[in-house]
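The values are calculated or read from the model by the stated rules, or taken from the named source; none is laboratory data. Not measured: the values here are computed from a predicted model. Every residue, glycine as well, gets a Cβ built from its backbone with ideal geometry; the counts of neighbours run over all protein chains shown. Ligands, DNA and RNA are stripped out before the accessible areas are found, and what is left, the full protein with its side chains, is counted by its heavy atoms. Shrake-Rupley method; radii C 1.70, N 1.55, O 1.52, S 1.80 Å.
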Amino acid sequence: MLTLEEAQTALRARITPATASEAVPLRAARGRYTHAPLAAAVDNPAFDNSAMDGYALKHAELAAQGYTLPLVGESRCGAAPQALQPGTAMRIFTGAPVPAGADTIVMQEDVERAGEALRFPATTAAGDHVRRCGDDFHAGDALYPAGRRLESHDIALLATAGVATVPVVKRPRVLVVATGDELVAPGEPLGPGQIYESNRLVTLLMIEALGGEAVDGGVVRDDPAALRKLLAGAMDYDFVITSGGASVGDHDLVKQVFGEIGEIDFWRVKIKPGKPVAFGRLGSRTHFFALPGNPVSSLVTFKLFVEPALAAWHGSDYRPLEVPAVAANRFKRKAGRMEFLRARLENVNGELRAEVLKGQGSHQIGTLRHTQALLRVPAESEGFDAGARVTVLPLT
Ligand code: AMP
Ligand code: MG
């Protein structure tokens, strides 16, 4: 059985970054991955401008005129001002262009104004409150490499930099299917032995959040013929993700049928929960994940395998964020598999505390309402005491 690291390495080795790209407007670029490096089209700031509401002046004239200057003219946002008349100060507002001839801004709270006569503090320093053209970045500066996932704040930067459309990697098409004779859609009455299906919906949403095009493949029964039909018809997708039927039970047919039709790279990984996860290929291009059916196992294996796989597909070198924390409570167990515990995070006097939640059974989805992170217990660990240093993977 592979360790988590071995399985993740095998996974990355199998995934060739996609080459197809498309240009999307900024409004549609969040969560997408850059296909090519992006550079700024304009300088930021685009021109010298004021950081304050106040007055623009030439610093050398201040002392010469006893720190008193008459007010002449105004510079407002969105218009080019007249040049500063020698020996005067100009009214200016935040973001407005600094007029030619001025080099310093004094904020209005520091200025005594009597009619058109302005008195400035002697402490005024040359260059105060001027935002210099290009002091943030210049036109042509590299902003993002290829393979960067764009977040909302990146869109703000690109807009400022004059970038209107972004070349992004084409979305992977991802088919998501739940398997199991017991599964019923929420809202339907439950018959004997039936349960509500939950994995498919959350998987579809997480795929979309990762920049993929999620296609709902519905629920497939535990029937070899139905599963064969599904897999044989899925070879146009970039990824197929199933939940359930990946274990060793008589009705766990997904992994069997997947082995018949496709090629398995690995099955079973030394982790808890999520051991019976399988990964491989269908046909020449479709990556296949058989995730376990237990809702928590499904979530954990998605985070550990599907998330890095989608990142690799987009040409990103993303690794999940691992954060040191201090255990808020004691947790003891038998060493063996690497384990992921659902935990709540809290900042206690500047220290990140991770509390292992009660109810760690892989069927105990109720715990999820308090879960903010997965706490990773190393394979050889027999647990920890309160106050021990631990590692957590925050969930977003
Ligand atoms: P399996 O991996 O098919 O053996 O399923 C393991 C457990 O997860 C069983 O208790 C199933 O009833 C449950 N399960 C399987 N698929 C789902 C699903 N899509 N939503 C919720 N529970 C599921
Ligand atoms: Mg099942």
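Of the set (1) touching a strand residue (DSSP E or B) at 6+ places or on another chain (Cβ under 9 Å); (2) modelled with pLDDT under 95, all apply to Val219 but (2).
Let's see how each residue does on (1) more than 20 Å from Ala146 (Cβ to Cβ); (2) open to solvent by less than 10 Å² (accessible area, probe 1.4 Å); (3) in contact with a strand residue (DSSP E or B) (Cβ under 8 Å, 6 or more places away or on another chain); (4) touching a residue at least 40 places away in the same chain (Cβ under 8 Å):
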| position | (1), (2), (3), (4) |
| --- | --- |
| Met1 | yes, no, yes, yes |
| Thr19 | no, no, no, no |
| Arg30 | no, no, no, yes |
| His35 | no, no, yes, yes |
| Ala41 | no, no, no, yes |
| Pro45 | yes, no, yes, yes |
| Asp48 | yes, no, yes, yes |
| Asp53 | yes, no, yes, yes |
| Glu61 | yes, no, yes, no |
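Just one of the listed residues (Ala89, Ala79, Ala114) is aliphatic (A, V, I, L, M), under 15 Å from Gly66 (Cα atoms) and without any contact (Cβ under 8 Å) to a residue 40 or more places away in the chain, namely Ala89.
In the stretch 227-241, is there at least one residue being on the phi > 0 side of the Ramachandran plot, in contact (Cβ under 8 Å) with a residue 12 or more places away in the chain and within 16 Å of ligand 1 (Cβ to nearest atom)? No; the residues of the stretch 227-241 include none that is on the phi > 0 side of the Ramachandran plot, in contact (Cβ under 8 Å) with a residue 12 or more places away in the chain and within 16 Å of ligand 1 (Cβ to nearest atom). Select from the stretch 277-303 the residues that are open to solvent by less than 30 Å² (accessible area, probe 1.4 Å) and more than 16 Å from ligand 1 (Cβ to nearest atom) and write down the one among them that is farthest from the chain's Cα centre (by Cα). Looking at residues that are open to solvent by less than 30 Å² (accessible area, probe 1.4 Å) and more than 16 Å from ligand 1 (Cβ to nearest atom), I get Leu282.
Which residues, taken from the stretch 123-166, are of a type in the set (Phe, Trp, Tyr) and either open to solvent by 40 Å² or more (accessible area, probe 1.4 Å) or over 21 Å from the mean Cα position of the chain (by Cα) (or both)?
Phe137 - this is the single residue of the stretch 123-166 that is of a type in the set (Phe, Trp, Tyr) and either open to solvent by 40 Å² or more (accessible area, probe 1.4 Å) or over 21 Å from the mean Cα position of the chain (by Cα) (or both).
In the stretch 177-219, the residue that is most open to solvent (accessible area, probe 1.4 Å) out of those that are within 16 Å of ligand 2 (Cβ to nearest atom) and within 22 Å of Arg285 (Cβ to Cβ) is Gly217. Here Asp222, Asp252, Asp265 are screened, and the one residue that is within 14 Å of ligand 2 (Cβ to nearest atom), in contact with a Leu (Cβ under 8 Å, 6 or more places away or on another chain) and either outside any strand (DSSP E or B) or not β-branched (Val, Ile, Thr) (or both) is Asp222. Of the candidates Leu143, Leu157, the single residue that is hydrophobic (A, V, I, L, M, F, W, C) and part of a helix (DSSP H, G or I) is Leu157. Contact annotation: residue pairs with Cβ atoms under 6 Å, 6 or more positions apart or on different chains, pairing a residue in the stretch 348-371 that is farther than 17 Å from Leu299 by Cβ with a partner that is among the charged types (D, E, K, R), are Arg353/Glu346; Glu355/Arg344. Counting only residues that are open to solvent by 50 Å² or more (accessible area, probe 1.4 Å) and touching a residue at least 24 places away in the same chain (Cβ under 8 Å), the stretch 266-276 holds 4 of them. Within the stretch 134-154, is even one residue touching a Leu at 6+ places or on another chain (Cβ under 7 Å) and within 16 Å of ligand 2 (Cβ to nearest atom)? No: zero hits.
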